[in-house]
Amino acid sequence: FSLISLIPRPVSAEEAYDPLDTFSLADLMNMEITITREKEQTQVHTTAAVFVVTQEDIRRAGISSIPEALRMVPGLHVARVNSNTWAITSRGFNSYPSGKLLVLMDGRNLYTPLYAGVIWDEHNLLMEDVDRIEIIRGPGATLWGANAVNGIINIITKSAKQTHGNLVSLRAGNYERALAGARHGGQLGDDFHYRVYAKFSEYGAYDNYYDEETTGAWRTGRAGFRTEWDISQKDTLTFQGDVQDGTIGQINKDVKEETSGMNLLTRWERELDNGGNMSLQFYYDKLEREDDALLKSQDTFDLDFVHRFQLGQSHNILYGFGFRYKDDKLKPPEDSATVYYTPDEEQQELYTAFVQDTISLIPDRLRFTLGTKFEYFEYTGTEIQPSARLLWMLGEDHVLWGAVSRAVKTPSRAERGIHIKAGTTTYHGNPDFESETLIAYELGHRIRLGKNFFLDSTMFYNDYDKLKTREPLAPKNKMYDNLMHGESYGFEMAGTWNVTENWRLTAAYSYMDMLLFLDDPSEDADSLADEDESPHNQFSLRSMLNLRHNIELDASVYYVDRLRGDRTNADKYVRCDLRLGWCPNEHIELVIGAHNLFDGHHPEYEDVYMSRGSLRLPKRNTETIRDFYAQLVWRF
C-alpha cells in the first residue's frame, strides 16, 4: 500500500434488497458448492446428497439462528430440546450433542470432543452475515476427516467485499425478547476490504412439560471482524475473528452456565497458472464454560494445507495435510463431586493427510472420484476413510450418481474418561473405547423437468459397527464399550417448483429406519433404544410469494413423525411459520411473523437436564411456544 491508499474510500451502501428480484431455477442448480473442495462444482453435478440454504431462504423464513435454518433441509432432524438447546442430526442417532455430524464455519471446525458435537448457543451469528449453508447428508470423511459420519454442515459467511456500507437489524417478540445487530464494512485502497459487526440477543424460556416454572432464558453477545487483502491478482489473504459471551439458563432452577470464547483465523489462497489453486489456513479457537458441576476450557490450534491441480486431460488431483492440537481442562468446583474426568487435563494431537483423484472417464458424460483420508489420533491409532463416487450425466440437467464410503466417529472425552453420578447410577468412561465405524452406500438422481421444476432424490444404506453401549459393572455402575452394530436405510427427496416468476414452492420428504443389535457379551439394557431417537417420516412445504407493492408473503409447514422410544417421548407434530414483509424502498425492510402457529405447546425432544453428551440421565421435556416477532432491517 502507499500511504494515500490507506485513506478510507467512500463505500457503496450495504447491498440492498431488490424488491423486484424474481426466482431463478438456473441460479439454484448452478450454485457453486465449496464443501466438496472441488473448483467450480455446481449443486447439480455433486456426487453427494447436497442441499443449500441460501441467504434468501433464511431471510424469507424469518430465521434468527443457524439451527432453525436447518429445518429446511430434507433428511435432517432438527429438534428443539429447550429454549437454548437443539438436537440435530442426519440419518439417525440424534442426541444432544450429535456426535456423528460435523459442522464447519468458514473452514473452522465447530465440533468439540469435549461433548462429541456442537454446542449451538456458542454460535449465535448475525444472520444477515450468512451467505449460505451447504449441507451434505451422508459421510464426507475422505475430505473432512473423523466425525463426518452421517453428515456435514458448512456455514459460509459473506466476504468482506459483499458487505460494504452499514446495516442495522432490530427484532423483538414474546420469545425473542431483544435481538439487535449492527455491521459496518468498507474498503482501504483498491485491494483491502473489511467489516466489523456486533450482535446482542436475549431469549425467553420454554414451558416445562409438567407446567413447572423454568429458567431456560438466555442471553448472548457476539462481535467480530473480517478482512480480505488482494495481495496480487492471484493471491488473497483473509483474516477474521470473533468473540462471544453468554449466560445460558438451564431447566433446573437457579442453575446457569457461563460461556465465553474467541477465535482467530487466517487463510492464504493462490490461483495457479495451470488452473489449479492452493490454500494454507491456520486458526486458534478458545472455549470456556462454567456451571455448578464442571469448569470446562479448551484451546485448539489447527493448520491445514490443500492443493488442487490438473494432471493431463482426465485427472483432477486434490491433496492436503493437516495438524490439530487441543488442550483441555475439565475440573469440578471444590464443593462438587457429581462429575469429574480422568485425567482432568489432556493434550491431544491429530495428524491428517488426504488425496483424491477425479477422473473424467468420458468427457462431459462419466466421472469417477476415488480418494481416502488418513488420520492418526494417539488414542485410536491410524484411521483410514476411503470413498469411491461415480457421476453419470444423462443430459445437461439430468444426472445419476452413486457412492461407497467409510467414516469413523472418534471417542469423546466423556466416552474415554468421565465419571458422573446420575441418580443412583454412576457412569464411567472407558480409556479403551474405540472409534465407531460406518460403511455407507448411496444412490442419487437429479433432474430438471421443463423450465420450472427441479427434483433431487437419494437412497442410502448404512452399515455401522463398534457402536457405543453402556455396560453394567458392579451394582449401580456402568461403563461405555463398543458392543453394538446396526444398519439404517432410507430415502430423501426435495423438489423446487417456480410456479411463476414471483412464486416458488419447495417441498421435501424423507424416510429413515434403523435396526440395532447387541454383540456378545453385551449386557446393555438401554442402548438399543438409540434406534428410536429419529423420526421415520418428515415432510416440509415452503412457499415464497412476491406480491404487489413490494410485499412478501411466506409460509412454511413442517411435519415430524413420532419419536417412538419411551426415552425420547415426543409425539408427532405439525409446525407452521408465517412471515409478512414489506420493503418501502431498497434500504428498509419491515417484517412481522410467527413460528409454531398451529400448536404452541408440544415437545420436540427430551431434555437431558443434568449433563451433556453420551449420558442417559433424568429428563424433563420442555414444550415449544407460539412465537410472534417484529423486525426492522436498515441498510445504508
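Just so you know, all these numbers are worked out from the coordinates, no wet-lab data involved. Computed from a predicted model, the values in this text were never measured in an experiment. Cβ placement follows ideal geometry from the backbone for every residue including glycine, while neighbour counts extend to all protein chains displayed.
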Defining a contact as two alpha carbons under 8 Å apart and six or more residues distant in sequence, what relative contact order in percent does region 187-346 show? 14 percent
Based on the alpha-carbon gyration tensor of region 227-294 and its eigenvalue square roots a ≥ b ≥ c, which shape applies: rounded if a/c is under 1.5, prolate if not and a/b is larger than b/c, or oblate? prolate
What does the charge dipole of the chain about its Cα centre add up to, to the nearest 20 debye, if the Cβ of each Lys and Arg holds +1 and the Cβ of each Asp and Glu holds -1? 980 debye
For region 165-237, what is the charge dipole size about the Cα centre, in debye to the nearest 20, if Lys and Arg each add +1 at the Cβ and Asp and Glu each add -1 at the Cβ? 260 debye
Members of LYS39/LYS286; LYS286/LYS466; LYS296/LYS421; LYS161/LYS234 lying beyond 22 Å, as alpha-carbon distances in this model show: LYS39/LYS286; LYS286/LYS466
Please report, in debye to the nearest 20, how large the charge dipole of region 396-523 is about its Cα centre when each Lys and Arg carries +1 at its beta carbon and each Asp and Glu carries -1 there. 560 debye
Based only on Cα atoms, what Rg/Rh ratio does region 212-334 have, Rh being taken as Kirkwood's radius? 1.18
Quote the FRET efficiency, to the nearest 0.05, computed for LEU449 versus THR338 with a Förster distance R0 of 60 Å and r equal to the Cβ-Cβ distance. 0.55
Relative contact order in percent for the chain (Cα pairs under 8 Å, 6+ apart) equals 13 percent
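Set the Förster radius R0 to 45 Å, insert the Cβ-Cβ distance between GLN347 and THR425 as r into 1/(1 + (r/R0)^6), and round the FRET efficiency to 0.05.
The calculated FRET efficiency here is 0.90.
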³J(HN,Hα) across region 401-413 via Karplus (A = 6.51, B = -1.76, C = 1.60, θ = phi - 60°), whole Hz, x for Gly/Pro? 9, x, 8, 10, 9, 10, 8, 10, 10, 7, x, 7, 4
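Once you have a ≥ b ≥ c as the square roots of the Cα gyration tensor eigenvalues for region 131-210, tell me rounded if a/c is under 1.5, and otherwise prolate or oblate according to whether a/b is larger than b/c.
Cα axes put region 131-210 in the oblate bin.
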Rounded to the nearest 5, what % of DSSP beta bridges with both residues in the chain are antiparallel? 95 percent
Net lengthening on full extension, VAL168/ASP230 (0.36 nm per residue, minus Cα-Cα): 19.5 nm
Would you list SER201, SER534 from fewest to most Cβ contacts within 10 Å? SER201, SER534
Computed from the beta carbon distance with a Förster radius of 25 Å, FRET efficiency for ASP27 and LEU394 to the nearest 0.05 stands at 0.70
Computed label-point distance, nm, for sites GLU271 and LEU580 using a 7 Å Cα→Cβ extension: 4.7 nm
Relative packing of peptides 360-370, 105-115 - highest average C-beta neighbours within 10 Å first: 105-115, 360-370
Summing -39500 (n - 2.57) over every DSSP H run of at least 4 in the chain, dividing by its residue total and rounding to the nearest 500, the 222 nm mean residue ellipticity is -1000 deg cm²/dmol
Quick check on the chain: what are the equivalent-ellipsoid semi-axes from the Cα gyration tensor, as sqrt(5λ), descending, whole Å? 35, 30, 27
When only C-alpha pairs under 8 Å and at least 6 residues apart count, what is the relative contact order of region 339-472, in percent? 18 percent
Taking ASP285, ASP463 and counting other beta carbon atoms within 10 angstrom, the fewest-first order is ASP463, ASP285
